[in-house]
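S.K.: Please see the structure below; I have some questions.
The values are calculated or read from the model by the stated rules, or taken from the named source; none is laboratory data. Only a predicted model underlies this, so the values are computations on that prediction, with no experimental measurement involved. As a convention, Cβ positions derive from the backbone with ideal geometry for all residues, glycine included, and neighbour counts pool all protein chains shown. With ligands, DNA and RNA removed, areas are computed over all heavy atoms of the protein, side chains included. Shrake-Rupley method; radii C 1.70, N 1.55, O 1.52, S 1.80 Å.
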Amino acid sequence: MEIGNRRQALGAAIAMSVLSWAQAASAQQAPAANPATSAPSATPSVPSQATTAAEGQPGQVQADPAVEPRGDIIVTANKRQENLMSVPISVTAVTGDQLVSKGIYGVQDLVKVTPGLSYVESGRSVPVFSLRGVGYFDTSVASRPTVSVYVDEAPIPFSIEAKGAAFDLERVEVLKGPQGTLFGQNATGGAINYIAAKPTSTFKAGAIASYARFNTADLQAYVSGPLTPTLNARLALRGVRSGDWQRSDTRDDSLGAQRFGEGRLLLDWRPTDKLKIAFDANGFYDGSDTQAPQYLAFVPGTPTRTALTPLLASYPATRGGPRAADWDVGPDYRSHNHFYQLNLRADYDALDALKITSITSFSEARINQLAEGDGTPLTNLNVRQLGRIKSFSEELRASGDVGAFSYIAGLNYASDNTAQAQVIDIAYSTTAYTLGGPPALPLDDLSSQLDQHFDTQAVFFNLDYHVSDKLTLRGGVRYTVADLHYDACSVPLTANAADFLTRLVNTTRGKFGLPAIKPLAPGECGSINPNTTGTERYFNKLNQDNVSWRAGIDYKPTPGTLIYASVSKGYKAASASTPSATNDLQFSPIGQESVLAYEIGAKAKLFDRKAELTAAAFYYDYRNKQVLGRAVFQPNVFGPINAVTNVPKSEIKGAEIQLSVFPVRGLTLTASGTYLDSKVLGDFTNADILGNLINFKGEAFPYTPKWQIVLDGDYRLPLGSGMTATLGANANYRTKTTAGFGGNSLLDIDAYWLVDMRAGIEFGGGKYSAQVFGRNITNQYYWTNVARSVDNARRYAGTPASYGIQLSVKY
């Protein structure tokens, strides 16, 4: 209670101080003194959103009449509108039209245009993202990412919920580096903010339809316009269906169909000139097949039982190729996942120097999906993910400009309730026969269940001081209290699993001279409580707090040139995992991680705005990096098994550069790259995939290629009579990396290039367009992840070559 009172008092004091300061400043100054509108500053005047984007047409930006029609992109990376080239952080911004033309409809596709961003298929159909080597790999539905995702600043708390965010957009902004002061905890790697296309005051409508390889049909449509003189609305829908793209290594069978639908309804109400209220209802249904892996090698979990699994021990490795895979005959690998979100935003211009913003968000997701886990038709590992996630958040902030100062201050509250389970079937495995020899029953349908409640409260303040028209000092701080309460247990769902866990518990109790428990029944708690060596459900909590902060300096020696330096610290809160647990300690969460980031950078418009250059160098002091490692729990039946842990100390050194040139009207050429040197500092001893305890000191991070390169070209050639020819190409490259510590060659992820091309024509003054495209046109065989579980090592291949046609119309 005392802690709660201190939080409330602190928040109230800051809110009252900001309000009093803004009121006093507003009363004493003339409106012309606002640096965002008259006084020169390092954060120059920017047009309103209505002028930076053609109304209702996503991705179009204001053009400078002195140069060819390519405009400055206005972003909200600092929760205020600013010119992209004036924002003192590393940001990749892509317009909605560019996303559509390049076929980017998900976070995993953003790697095509964002060096430093990586996507990994976890093996449980839970996506994992990282930026500049900062990422958290876990297979749990409710694992908390290091790269936060937002739609119009409303949070999408968990990665699996972000699948429906990337359509009908004005733009997307990828912010690199810790974003804790403005975007909160868990943004140690960065933040991805999708900006939805907004309702219009005049009638607008459009549709995009494409057909591609594997019978992939993608239809999108939107309609927008006024409902009353003060209320505008926009409805956007998308549906995707496709056939199978994976083929079985051993039989005439296929997998990989898509069945995906999503929608968004936006209402924009402006009852007065000072008040704007926006409502957003969005959601998706995903009925797609989960991806099957490619079997690589037999790596027995219990080598002494190898003779009991002869078919797997002699099973050949995959024949390779992007479409090769295998899976069990019979199970339904189709997902049944639902998500919806309701957001309400209010912006009120209370004073010339005070704008009040409230963002309220509620979301719910239900997950039910089965994933093949070994890449063979044998039941060495099948995992069903079940989950229910409910989230509520509220942000209340004040912002404005007072003399030479620009400020943002606010309060934030979030509550996330998750219930998840992983149901494993390892009937044909050496692990299943660990306790007792033949005729021991195989272990099937063992459910690891975990319920978590996250409660997060924060207060934050950011201040920019425009010393002159060339120099700006920036600072920010956020105090966060993060409370986690959880309970967990492993539950047998069949008689076989109940028999297995009964034997396991009684083996443990026998070592302590305790009598045997009665046989467990399906549905009873069966994981070992280390305090009692019984099977009670495990309840625990972890309460933490932290202070994120940022300090920086910007210098603009000439118009169009920015030099900046910053130091910032961000935190990722703890969360528990849902391994296939036999011991309650496997559910225990780990401590929060932190990143102390140093960065220097520059942005410049060159050669009379015919080129734009951005560059940055950075150093990350990484403490307690959270990883999914391995540990030994008693009784040591299975050897080292999955458990979350911390790497005490590590570092990332890196640099990035991007050059865009506009040599002739209509032609844009871009080259960008990121260099990363990650390393474990000090001792970090954990088990490799073979169960050997190794000190990983000096090793590079998994899933962190040293080099990433993106090349992109776009050419628009006017043909007359309202017609324009378009031609584009994109290539991205990443060097070799690994899927785990330990240096085992089975975990290698080879280097690869991916190349996309497109060509089309626009006519009717841009009203109609047709485009042909090819993606991964070289049919590059690549994979994003390699994993080892139970008795197998397997990899997850990227999608093969695809080609198709896309048609669009706008009214």
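S.K.: I need every pair where a residue in the stretch 636-647 that is more than 23 Å from T304 (Cβ to Cβ) and modelled with pLDDT of 60 or more has its Cβ under 9 Å from the Cβ of a residue that is assigned to a strand (DSSP E or B) and among the β-branched types (V, I, T), sequence separation at least 6 or different chains.
M.R.: Going by the 9 Å Cβ cut-off, the qualifying pairs are V644/V627; T645/V627; N646/V627; V647/V627; V647/V680.
S.K.: For the stretch 402-418, what are the residues that are open to solvent by 20 Å² or more (accessible area, probe 1.4 Å) and either touching a helix residue (DSSP H, G or I) at 6+ places or on another chain (Cβ under 9 Å) or outside any strand (DSSP E or B) (or both)?
M.R.: G403, A404, F405, L411
S.K.: Suppose we filter G760, G720, G743 for residues that are touching a residue at least 24 places away in the same chain (Cβ under 8 Å), surrounded by fewer than 16 Cβ atoms within 10 Å (Cβ to Cβ), out of contact with any Phe, Trp or Tyr (no Cβ under 6 Å at 6 or more places or on another chain) and not aliphatic (A, V, I, L, M); which single one remains?
M.R.: On the way: G760 fails: surrounded by fewer than 16 Cβ atoms within 10 Å (Cβ to Cβ); G720 fails: touching a residue at least 24 places away in the same chain (Cβ under 8 Å).
Selected residue: G743, the only one of G760, G720, G743 that is touching a residue at least 24 places away in the same chain (Cβ under 8 Å), surrounded by fewer than 16 Cβ atoms within 10 Å (Cβ to Cβ), out of contact with any Phe, Trp or Tyr (no Cβ under 6 Å at 6 or more places or on another chain) and not aliphatic (A, V, I, L, M).
S.K.: Right, D469: in a loop (DSSP other than H, G, I, E, B) and farther than 29 Å from S125 by Cβ or not?
M.R.: Against the criterion (in a loop (DSSP other than H, G, I, E, B) and farther than 29 Å from S125 by Cβ), D469 qualifies.
S.K.: In this structure, does D332 turn out to be closer than 24 Å to G123 by Cα and open to solvent by less than 20 Å² (accessible area, probe 1.4 Å)? Before the answer, list the steps.
M.R.: Numbers: closer than 24 Å to G123 by Cα: yes; open to solvent by less than 20 Å² (accessible area, probe 1.4 Å): no.
Here the answer is no, as D332 does not meet what is asked.
S.K.: I would also like to ask the following. Among the numbered criteria (1) crowded, with 22+ Cβ neighbours inside 10 Å; (2) of a type in the set (G, A, S); (3) not in a strand (DSSP E or B), which one does A427 miss?
M.R.: In the conditions (1) crowded, with 22+ Cβ neighbours inside 10 Å; (2) of a type in the set (G, A, S); (3) not in a strand (DSSP E or B), A427 misses (1) alone.
S.K.: Could you please find all residues in the stretch 277-319 being hydroxyl-bearing (S, T, Y), touching a strand residue (DSSP E or B) at 6+ places or on another chain (Cβ under 9 Å) and outside any strand (DSSP E or B)? Break it down stepwise before answering.
M.R.: Applying the first criterion (hydroxyl-bearing (S, T, Y)) to the stretch 277-319 yields 285, 288, 290, 295, 302, 304, 306, 309, 314-315, 318.
From what is left, the residues that are touching a strand residue (DSSP E or B) at 6+ places or on another chain (Cβ under 9 Å) are 285, 288, 290, 295, 306, 309, 314-315, 318.
If the condition is that a residue be hydroxyl-bearing (S, T, Y), touching a strand residue (DSSP E or B) at 6+ places or on another chain (Cβ under 9 Å) and outside any strand (DSSP E or B), then S288, T290, T306, T309, S314, Y315, T318 are the ones that fit.
S.K.: Would you say D252 is part of a loop (DSSP other than H, G, I, E, B), farther than 30 Å from A458 by Cβ, touching a Gly at 6+ places or on another chain (Cβ under 6 Å) and at pLDDT 95 or above?
M.R.: Numbers: part of a loop (DSSP other than H, G, I, E, B): yes; farther than 30 Å from A458 by Cβ: yes; touching a Gly at 6+ places or on another chain (Cβ under 6 Å): no; at pLDDT 95 or above: yes.
Judged against the criteria, D252 is not a match.
S.K.: Here's something else I'd like to know. Those residues that are acidic (D, E) and either modelled with pLDDT of 95 or more or in a loop (DSSP other than H, G, I, E, B) (or both), I need them from the stretch 572-611; list them, please.
M.R.: E599, D608, listed by residue number.
S.K.: How many residues does the stretch 255-281 contain that are modelled with pLDDT under 95 and hydrophobic (A, V, I, L, M, F, W, C)?
M.R.: 0
S.K.: Could you check the stretch 625-734 for strands (runs of 3 or more DSSP E) lying wholly inside it with 2 or more residues that are in contact with a helix residue (DSSP H, G or I) (Cβ under 9 Å, 6 or more places away or on another chain) and over 26 Å from G591 (Cα atoms)?
M.R.: Numbers: elements: 641-661, 667-681, 685-687, 693-695, 707-720, 723-734.
Those strands (runs of 3 or more DSSP E) span 707-720, 723-734.
S.K.: Can you pull out every residue in the stretch 117-132 that is open to solvent by 10 Å² or more (accessible area, probe 1.4 Å) and in a loop (DSSP other than H, G, I, E, B)?
M.R.: Hits for the stretch 117-132 are R124, S125.
S.K.: Taking the stretch 763-811 on its own, how many of its residues are among the small types (G, A, S), farther than 28 Å from Q291 by Cβ and either modelled with pLDDT under 95 or open to solvent by less than 20 Å² (accessible area, probe 1.4 Å) (or both)?
M.R.: Step one: list which residues in the stretch 763-811 are among the small types (G, A, S), which gives 764-766, 769-770, 774, 787, 789, 793, 797-798, 801-802, 804, 808.
With the extra rule that they be farther than 28 Å from Q291 by Cβ, the set shrinks to 764-766, 769-770, 808.
Retained after the next criterion (residues that are either modelled with pLDDT under 95 or open to solvent by less than 20 Å² (accessible area, probe 1.4 Å) (or both)): 764-766.
Number satisfying all stated conditions: 3.
S.K.: Now, a different point. May I ask you to say which residue of Q771, Q780, Q708 is farther than 30 Å from G375 by Cβ, touching a Leu at 6+ places or on another chain (Cβ under 9 Å) and in contact (Cβ under 8 Å) with a residue 40 or more places away in the chain?
M.R.: Criteria check complete, one pass: Q771.
S.K.: Do any residues in the stretch 486-510 that are under 29 Å from I590 (Cα atoms) have Cβ atoms under 6 Å from those of residues that are among the basic types (K, R), where the two are at least six apart or on different chains, and which pairs are they?
M.R.: Listed by first residue and then by second, the contacts come to D487/R537; C489/R537.
S.K.: Look at the stretch 226-248 and say how many of its residues are open to solvent by less than 50 Å² (accessible area, probe 1.4 Å) and either more than 24 Å from G164 (Cα to Cα) or among the aliphatic types (A, V, I, L, M) (or both).
M.R.: 5
S.K.: Determine whether Y564 is part of a strand (DSSP E or B) and surrounded by fewer than 23 Cβ atoms within 10 Å (Cβ to Cβ). Break it down stepwise before answering.
M.R.: Details: part of a strand (DSSP E or B): yes; surrounded by fewer than 23 Cβ atoms within 10 Å (Cβ to Cβ): no.
When the stated conditions are applied, Y564 does not pass them.
S.K.: Shifting gears a bit: Can you tell me which residue is farthest from A278 (Cα to Cα) among those in the stretch 144-158 that are open to solvent by less than 10 Å² (accessible area, probe 1.4 Å) and in a loop (DSSP other than H, G, I, E, B)?
M.R.: T146
S.K.: Scanning the stretch 320-371 for residues that are assigned to a strand (DSSP E or B) and among the acidic types (D, E), which turns out farthest from D249 (Cα to Cα)?
M.R.: Ranking the candidates gives D349 first.
S.K.: Still on this model: For the stretch 496-550, which positions are open to solvent by less than 40 Å² (accessible area, probe 1.4 Å), at pLDDT 85 or above and part of a strand (DSSP E or B)?
M.R.: Within the stretch 496-550, Q544, N546, S548 qualify.
S.K.: Among the residues of the stretch 94-103, are any open to solvent by 10 Å² or more (accessible area, probe 1.4 Å), closer than 20 Å to Y675 by Cβ, hydroxyl-bearing (S, T, Y) and not in a loop (DSSP other than H, G, I, E, B)?
M.R.: Looking through the stretch 94-103, none of the residues is open to solvent by 10 Å² or more (accessible area, probe 1.4 Å), closer than 20 Å to Y675 by Cβ, hydroxyl-bearing (S, T, Y) and not in a loop (DSSP other than H, G, I, E, B).
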